[in-house]
Each structure stands twice: as structure tokens, then as C-alpha cells.
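Have a look at the structure below, then the notes.
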Amino acid sequence: MASQITLSFPDGSTRQFDSGVTGYEVASSISEGLARMAVSIGVDSETRDLSRPITTDASIQIFTLRNEEGWGTYWHSSAHLMAEALESLFPGVKFGIGPAIEKGFYYDVDLGDRQLTAEDLTAIEKKMAELAKRNVAYERREVPKEEAIAFFKEKGDEYKLELLEDLEDGTITFYTQGDFTDLCRGPHVPSTGNLKHTKLLNIAGAYWRGDQERKQLTRLYGITFPKKKELDEFLEMLELARQRDHRKLGKELELFTFSQKVGSGLPLWLPKGTILRETLVNFLKAEQLKRGYDPVITPHIGRLELYKTSGHYPYYSDSQFPPMMDDEEEGYLLKPMNCPHHTQIYDARPRSYRELPVRLAEFGTVYRYEQSGELSGLTRVRGFTVDDAHIFCRPDQVKQEFKDV
């Protein structure tokens, strides 16, 4: 008789199963409906395929498309299906990474000199639908590192070979569906037949591993749903969002603009936008005064030593503008944060515990070197104003200050 394991469910109940039971079998033991809806299973802190055996006592949760984890599994599998379609249509394509995101998925791919067109996107969608109808399983296989390296060397995919450099032998898995095999931790839905309705949404450029010194890959975004109605509703919501897009409204209402001569990600506020912005700022300043905050103003740059002391440099140097070096001093940095400056205002004179709490507030402009592919309207910029505040208080005041904020 097989040894027994105890599985704990989200409601606190426990049940015994034979060691080696799969997530699908657990779901089936609860109800046929749950088994049909299940896409993956949480085993302790790990999300797994429904087909993987469970061999030890664990806390488990069956994930469906009512769960965020379920959608993550569904869209991750969709990324693999899109990759298979790309490989079928464009032999020799190379693959970077292809994760699920908040709404949908993407895959970074190297298509050589080819630029994807609208007609290409239609062909990829059609191929994905064709491949999905085969209803083939996503099969997981543990692979020795040497074998994984040999596989991608033969395939000529330098991106996967680079990813393998960071993986230890014994932790590497391949997933195969149909004629496509990918380096992947999983999990995946049981079969391609789960992936019914597809829409490819956008094409963007993305530097390999976020390094602008590396090659720029093609990032292809998409989304899938099990029902056409769900896809139609999503596309309708997307269209409404486009109509309300702040970039579109900002241009139409003459609120702000950008100039390549000024620089990417550096917004220029137009008269109407400035009036709107200043109205909001003045309202917030008045509210801060009511709540006991003292207004301060700090410079747009600071000595590099200040940011070394705070830890912002060099640990976050990739997202900062390079230092402005000086022969007499160590150099200066465009302010990425207001925090270090505010600590220096607090430290400007001796303080008594009776003065606390001290609340400092500033509408401080800061600068971050966002990568060009990440810039988007006013949501991802290189220069922006933060409604920032710092509270200096005694330990016995922390709870009340936290609640007041």
C-alpha cells in the first residue's frame, strides 16, 4: 500500500492522499467542476502544474481563473504558445524571456533584421489558434545542465545559453508542447486546448536584460481568454482606456508636451497644465499646513558623498544620471530622492525630544534615468515632482503618526 500524505486546504481542513497524488487528482476528489476549472495548484509557497506528483505533507490551494495565480499560469502558457507560433512562422527566431504580466503576457524575441507588420500579427494569431486546437499537453522535464546547454547550442540561441549560466545543475526544467521546447520553471496549464481566444496587442523594443548596451529585442505583447466574450469585453475596455489616455488628453487639452531637444522623459508644462498643476499643489500645501507639516525646499543636486551615506549610490546607480565630477570635490548628483536632503534639514541644529514630531514636506523635483523603452507619458519620466514628506518622531509616537498619515 502506498504511503499516505496529509494535505491542508485553505479552509483549514485536512485530508489524506496517497503519496504521488497529482493536483488534478486532488481537484477531482473535490468535484468534477473544480477539476474542469483548475489550471494549477499551490503547494506550500510554490505554484505547480496540476500533473506534478505531490509526495510530502503540504498546504495546497487549487487555482482557477478566479485567482490571480491561475491567470498567471494561463498567460504564461499563452506566451509559450505564441513562441511556438513564431518559431513555426519565422524559422531561426531566438527567444529571451516570456513571462505573464498583470494583463496578458509578452515574449522578447530576436527576429534578426525582420520588422513585424500588422499582417504578421494576424498570421501569428491565426497560427496560435491552429496550434491550440491540437490540444497537446505541456510536458515538464528535469534536464541536466550539460544537456540543456547542448540543446540551445545546437539551436543557436545565445539568450537561453546566457540564462543557463545563472542556473545550477539540478534546478533546470524544460517544457514542451507540440514541436516547441523552452527553458522554463513553469507552471503551465494542462493543455494548449485551454487557450481559446488570442489578441496580440502591441510591439515594443526591449534591451536584452534591461541593458541598453545590449541588443534591442522585439517585445511582443498579447492576451488570451477562454471565452470570446471575455476577449471582446477586454478589448472594449482597452479602447475606452485609450480614449481617456492622459497622453491623448494632455495633447488635446494643451496641458503638457515633450521636446526631443529638451530630452526624452522631461515634460514641459503648458500654461493650462501649469494652472491645473499649481491649483492642485496649493490645495495640498494648505492641507499639509493644517496637518502640522512644515514646508521646505531643497536643491536639485547634492554631493555624491550624501548619496553614498544614504545608500542611494552606487546601489541604485543604474537608474540615476551619472555624477557630475568636480576637481576639488568628489562630485555632484542630480537628486534622485528627497530623503537625504530632509535628514540634513533635521540635522541642521540640535533638537530636543520635546520638539518631536517634526514633519517636513516638500514638492521636490527628482531625476531618474529611466531607460528609453520604459518611458511613457507622465507615468514613467526622467524628471518629476514628488509630494514628499518625512516624519521624525519618538518611538512612542510612531503608531499615532502612522495612523494620522
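The values are calculated or read from the model by the stated rules, or taken from the named source; none is laboratory data. Remember, predicted model here, so these are calculated numbers, not experimental data. Every residue, glycine as well, gets a Cβ built from its backbone with ideal geometry; the counts of neighbours run over all protein chains shown.
A few remarks follow.
- Filtering the stretch 367-381 to residues that are surrounded by 12 or more Cβ atoms within 10 Å (Cβ to Cβ), out of contact with any strand residue (DSSP E or B) (no Cβ under 6 Å at 6 or more places or on another chain) and either without any contact (Cβ under 8 Å) to a residue 40 or more places away in the chain or not in a helix (DSSP H, G or I) (or both) leaves Arg368, Tyr369, Gln371, Leu375, Ser376, Gly377, Leu378, Arg380, Val381.
- Looking across the stretch 37-75, the residues that are among the small types (Gly, Ala, Ser) and either touching a Pro at 6+ places or on another chain (Cβ under 6 Å) or in contact (Cβ under 8 Å) with a residue 24 or more places away in the chain (or both) come down to Ala38, Ser40, Gly42, Ser51, Ala58, Ser59, Gly70, Gly72.
- Residues in the stretch 254-268 that are in a loop (DSSP other than H, G, I, E, B) and either surrounded by 11 or more Cβ atoms within 10 Å (Cβ to Cβ) or assigned by TED's automatic domain parsing to the domain that holds Asp387 (or both): Glu254, Leu255, Phe258, Val262, Ser264, Gly265, Leu266, Pro267.
- Candidates Thr385, Thr379, filtered to the one that is of a type in the set (Ser, Thr, Tyr), in the same structural domain as Gln288 (by TED's automatic domain parsing) and more than 23 Å from the chain's Cα centre (by Cα): Thr385
- Qualifying positions in the stretch 9-27 - of a type in the set (Ser, Thr, Tyr) and buried (at least 16 other Cβ atoms within 10 Å of the Cβ): Thr22, Tyr24
- Residues of the stretch 141-162 satisfying the condition of being surrounded by 12 or more Cβ atoms within 10 Å (Cβ to Cβ) and within 24 Å of Met128 (Cβ to Cβ): Phe151, Phe152, Lys155, Asp157, Tyr159, Lys160
- Among the residues listed as Leu306, Leu235, Leu289, the single one being surrounded by 15 or more Cβ atoms within 10 Å (Cβ to Cβ), free of Cβ contacts under 8 Å to residues at least 60 places away in the same chain and either among the hydroxyl-bearing types (Ser, Thr, Tyr) or not in a loop (DSSP other than H, G, I, E, B) (or both): Leu306
- Selection status of Gly92, under 26 Å from the mean Cα position of the chain (by Cα), in a loop (DSSP other than H, G, I, E, B) and in the same structural domain as Leu231 (by TED's automatic domain parsing): no
- Of the residues examined, Pro271 is one that is loosely packed, with under 10 Cβ neighbours inside 10 Å and at pLDDT 95 or above.
- The listed residue being in a strand (DSSP E or B) and in the same structural domain as Leu200 (by TED's automatic domain parsing), out of Arg114, Arg134, Arg141: Arg141
- Search result, residues across the stretch 210-219 that are under 15 Å from the mean Cα position of the chain (by Cα) and at pLDDT 90 or above: Arg219
- Lys227, sole failed condition from (1) closer than 30 Å to Val39 by Cα; (2) under 23 Å from the mean Cα position of the chain (by Cα): (2)
- For the stretch 28-53, a tally of residues being assigned to a strand (DSSP E or B), crowded, with 17+ Cβ neighbours inside 10 Å and not polar (S, T, N, Q) returns 4.
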